[in-house]
Amino acid sequence: MLNSDAIKNFVLDRKNNLFENIALCLAVTLTSGFFSYDTYYFYMDFLRPVVSVLLIIIWLWCGFKSGINKKWGFLVFTGIYWLVPYLYMLFYKMDDSPEVFGSIPAMLNKFAMLGYERPMKGIADFTNCDINIWVLALAILTFTLYYVGVNVEYILRKKDEPEDAEEEETENKVD
């Protein structure tokens with residue numbers, strides 16, 4: 001019983017606020033994006049897969065924890081984070097002559113690629129799959145784990161209510 005209580009306490013009692021989850025996801029995503037550009041150092045060949053796996057784990061864990069804490073703002077952040085750069089890159093690629101707009105849209109396109117394409121590039125290359133499929137899968141899994149977290153929190157809190165009621169009844173009978 002001690003192990004299940006320790007797991008329940010770790011999952012339910014630890015509260016992350018929305019800003020912490022967003023900052024953690026941004027940090028690991030940008031780290032993975034920056035690591036994808038570095039090909040000079042030999043140890044980056046080992047770090048890139050590790051950071052890619054961490055990227056997936058952290059996004060899913062933050063989605064789950066946001067579901068437990070019922071922070072729906074993380075779902076909004078997830079949707080905006082993965083959708084806005086994609087739409088901008090589509091807009092940028094749609095134009096026949098990007099030079100007409102100037103250098104600022106080109107710079108914004110590079111930032112969009114840094115936040116959207118480059119973090120998933122290692123995973124996509126390893127699996128011979130498109131980057132968009134991995135981003136969509138990550139977003140869907142994050143949304144799914146958010147709703148799993150909401151349900152887990154509800155089930156575990158409901159499970160504790162009868163035990164608390166029984167303890168109160170025994171205390172009232174003793175008094």
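Read-outs throughout are calculated quantities, based only on the coordinates presented, and are distinct from any laboratory measurement. Worth saying up front: this structure is predicted, and the values here are computed from it rather than measured. A quick note on method: Cβ atoms are made from the backbone with ideal geometry, for glycine too, and the neighbour counts reach across all protein chains shown.
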ask   = Taking a threshold of 21 Å on the Cα-Cα distance, which of the pairs K71/K121; K71/K110; K65/K158 fall above it?
value = K71/K121; K71/K110
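Between V76 and D38, what FRET efficiency comes out of the Förster formula 1/(1 + (r/R0)^6) with R0 = 35 Å and r the beta carbon distance, rounded to 0.05?
Working: r = 32 Å, r/R0 = 0.91.
For R0 = 35 Å, the calculated efficiency reads 0.65.
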request  = Would you work out if the stretch 32-114 is rounded, prolate or oblate? Take a ≥ b ≥ c from the square roots of the eigenvalues of the alpha-carbon gyration tensor; rounded if a/c is under 1.5, else prolate when a/b is larger than b/c, oblate otherwise.
outcome  = oblate
key: In order through the stretch 22-39: 3J(HN,Hα) via Karplus (6.51 cos²θ - 1.76 cosθ + 1.60), integer Hz, x for Gly, Pro   = 5, 5, 5, 5, 5, 5, 6, 5, 5, 4, 5, x, 5, 5, 5, 7, 8, 10
